[in-house]
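In what follows, a single structure is set out as C-alpha cells and then discussed.
Read the figures in this text as sums done on the coordinates, not as results from a lab. From a predicted model like this one, the values you see are computed outputs, not experimental measurements. Positions of Cβ are generated from backbone atoms using ideal geometry, with glycine treated the same way; all protein chains shown enter the neighbour counts.
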Amino acid sequence: MTRNKTLNRREFVVLGTGAAVSTAVTGMPSIARAAGKSVVIIGGGCGGTTAARYIATLDPTIEVTLIEPKKTYHTCFMSNEVIGGVRNINQIAFGYEAIANRGIKVVHDTVTAIDADKKLVMTSEGASIPYERCIVSPGIDFKYEAIPGYSAEAAEIVPHAWKAGPQTALLRKQLEEMPDGGVVSIIAPPNPFRCPPGPYERASLIAQYLKTHKPKSKVLIFDQKETHSKRKLFQQAWERLYGFNTGNAIIEWFPVTLGGGIENLDASTMTLETDLESLEGGVINAIPPQMAGKIAHVAGLVDGDWCPVDKTTFESKIHKGIHVVGDAANATTMPKSGYAANSQAKVAAYAVVELINDRDPEEVPFMNVCYSLAGSDYGFTVAAIYQHNKEKDVLQGIEGSGGLTPMDASPLYLKREADYAHSWYNNMTNEMFG
Ligand code: FAD
C-alpha cells in the first residue's frame, strides 16, 4: 500500500470539532465524484450519522449513502427524562433532512443482507447497492428468551424502552396511569449491554417523578448482576434524594444473588415472579440481555453476540471492506454508549477515507464520557480516553486520562454535571442531525 498522507492525526482531531465541521460543510458546492469511490452506511443512529457526516466532510468526492428504515430517530440518551416526565418525546426526535442537505444520499429502507465478496448491500425494497467500503452501525437486538416468559410480543405490553420511540412513550404512559402506591419493577440486564448506567438513571428519574406525584409508590431494581456502573455514586444520590436504605426508600436494588433473579414474567397478568416475591399489577420495565443488531448476524459479522473489529480502523476481523462501529462492535473495555459510537465512527470515517485513497490510516485515540442524571440538578460522569494496546488487542483507558465524579461532591458541582449532560446532548444531536 502506498503512503500518501494528506491529513495527519492532529489535523483530524482539530477537524473533529463540531464548529470546524459545520464551517467546512456549509455552502459546500455539489462535487464531481470519482467513479467507484462509494461508502454505504447501514444504520442512521449515533455511529451511522456521525460516520456519514465525517466521510462527506473529509473527502467530498466519496459518494456516501446512509440506509436507515426510520424517518424519525428518537435518541435513547435523554429518553429517561421522557420516562421521568422531565421532557416531551418530541424533544428527543430528529429527522434526516439536514443530513440529506449535506449531499449524503439518505435511503429509508432496511438492509436484509450484505454480500461481502461482491461488495453489495441488499434491502427489503429489492435494491442492490454497491460499495467500495461499508460501515455497519445497527445498534442492538434483544435476547428476549433470557427472561422466562418474555418475548418480542410481550414487549408490546411490558416495554423494554431500550430502543427509544414508541416503547419510551408506552412506559411513560403506564407510569402516568399507575395509581399512587404502585410498584415499578425494572429488570436490569447482565453485562455487556447498551448504556451501562442507563437502568439506574432510569430508576432515579422515575423515583423523582414518583416522589412528587405518587409518593406512596416504589421502584424496585432486579439486577441480573452483582454490581453496576457508578454504583456508589448512584447509591449516594439515592440516599440523598430518595431515602435509599431507610424504611421510606423509594428505590430498592436487588443484585442477582440477593433476590434480583427472575423466575417468570407473565405479560397477560402483569405478574413478575422474582427469587423473593410475586408482584402483580404494577409497571414492569424488562430490559433483556443484548447482542449486535440482527443484520450483523445475518451478514456473518459476529463472533458470538458482538462483532470483532480491528481496534485501529474498526474494520471487521471477519469481512474485509466492512467496518462495524457503535454498540454492535466488540470494543473491549469501551462501553456501549452514544459517545463511544460517535468517537468510533469518527475514527472509522477517517480510516475509510484514508484506505479508499490508498493511504495508511494512523492510529487515533478514542474518547468516551458517560453522563448520568440522578435528579434534575444532580449529575455525574465517568470519562476516559482509550488507545489500542496491540499486545493485548484491547482498547485501554489511558491512565490519568479521565475519571469519575468524586463522592461527596457539592450540590453546585453536581448541578454543573447535570448542565454538562444537557449541553453534551445538544452538541451530540447537532453533530448527528444538524
Ligand atoms: P443506534 O443509535 O441504535 O443506531 C442504530 C440504527 O440502525 C437505528 O436507527 C436502526 O433503525 C438502524 N438499523 C438497524 N438495523 C438496520 C438494518 N438492517 N438496515 C438499516 N438500518 C438498520 N449513550 C450516551 O453516550 N450517553 C447517554 O446519556 C446515553 N443514555 C442512554 C439512555 C438509555 C435509556 C439507553 C437505552 C441508551 C443510552 N445511551 C447513551 C446509549 C446510546 O443510545 C447507544 O449506545 C447508541 O445509540 C449506539 O449507537 P449505534 O449507532 O450503535 O446504534
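Could we say that Val369 is among the aliphatic types (A, V, I, L, M), surrounded by fewer than 21 Cβ atoms within 10 Å (Cβ to Cβ) and farther than 27 Å from Pro130 by Cα here?
Judged against the criteria, Val369 is a match.
Can you run down the residue pairs with Cβ atoms below 6 Å, 6 or more apart or on separate chains, where the first is in segment 92-112 and touching a residue at least 60 places away in the same chain (Cβ under 8 Å) and more than 25 Å from Thr168 (Cβ to Cβ) and the partner is within 10 Å of the ligand (Cβ to nearest atom) and of a type in the set (Gly, Ala, Ser)?
Thr112/Ser124
Among (1) β-branched (Val, Ile, Thr); (2) closer than 12 Å to Lys311 by Cα; (3) surrounded by 18 or more Cβ atoms within 10 Å (Cβ to Cβ), there is one condition Ile356 misses while meeting the rest; what is its number?
Result: Ile356 passes all but (2).
I'd like the full set of residues that are among the aliphatic types (A, V, I, L, M) and more than 7 Å from the ligand (Cβ to nearest atom), limited to segment 326-339.
Ala329, Ala331, Met334
Does Lys214 fit the bill of being over 21 Å from Gly281 (Cβ atoms), touching a residue at least 24 places away in the same chain (Cβ under 8 Å) and either of a type outside the set (Asp, Glu) or in contact with a Lys or Arg (Cβ under 7 Å, 6 or more places away or on another chain) (or both)?
In short, no.
Give segment 297-314 a look and list any residue that's over 17 Å from Thr50 (Cβ atoms) and in a strand (DSSP E or B), or say none.
Within segment 297-314, Asp303, Trp306, Cys307, Pro308 meet the criteria.
Would you please list the contacts, defined by Cβ atoms under 7 Å and residues six or more apart or on different chains, that run from a residue in segment 115-130 that is hydrophobic (A, V, I, L, M, F, W, C) to a residue that is assigned to a loop (DSSP other than H, G, I, E, B)?
Ala116/His319; Ala116/Gly321; Val121/Tyr131; Ala127/Asp109
Under the condition of being within 14 Å of the ligand (Cβ to nearest atom) and out of contact with any strand residue (DSSP E or B) (no Cβ under 8 Å at 6 or more places or on another chain), which residue from segment 340-355 is nearest to Lys37 (Cα to Cα)?
Lys346
Filter segment 110-151 down to residues that are assigned to a loop (DSSP other than H, G, I, E, B) and either touching a Gly at 6+ places or on another chain (Cβ under 9 Å) or of a type in the set (Gly, Ala, Ser) (or both), then give me how many there are.
12
Please find, within segment 209-230, the residue that is nearest to the ligand (Cβ to nearest atom) out of those that are among the polar types (S, T, N, Q) and over 15 Å from Asp180 (Cβ atoms).
Ser229
Going by the structure shown, is Val347 within 30 Å of Glu239 (Cα to Cα) and of a type in the set (Val, Ile, Thr)?
Spelling it out, it is not the case that Val347 is within 30 Å of Glu239 (Cα to Cα) and of a type in the set (Val, Ile, Thr).
Got a number for residues in segment 317-338 being out of contact with any Lys or Arg (no Cβ under 8 Å at 6 or more places or on another chain), under 12 Å from Ser137 (Cα atoms) and touching a residue at least 60 places away in the same chain (Cβ under 8 Å)?
Residues in segment 317-338 being out of contact with any Lys or Arg (no Cβ under 8 Å at 6 or more places or on another chain), under 12 Å from Ser137 (Cα atoms) and touching a residue at least 60 places away in the same chain (Cβ under 8 Å): 4 in total.
Any chance segment 170-186 includes a residue that's away from the ligand (no atom under 11 Å from the Cβ), within 18 Å of the chain's Cα centre (by Cα) and not in a helix (DSSP H, G or I)?
no
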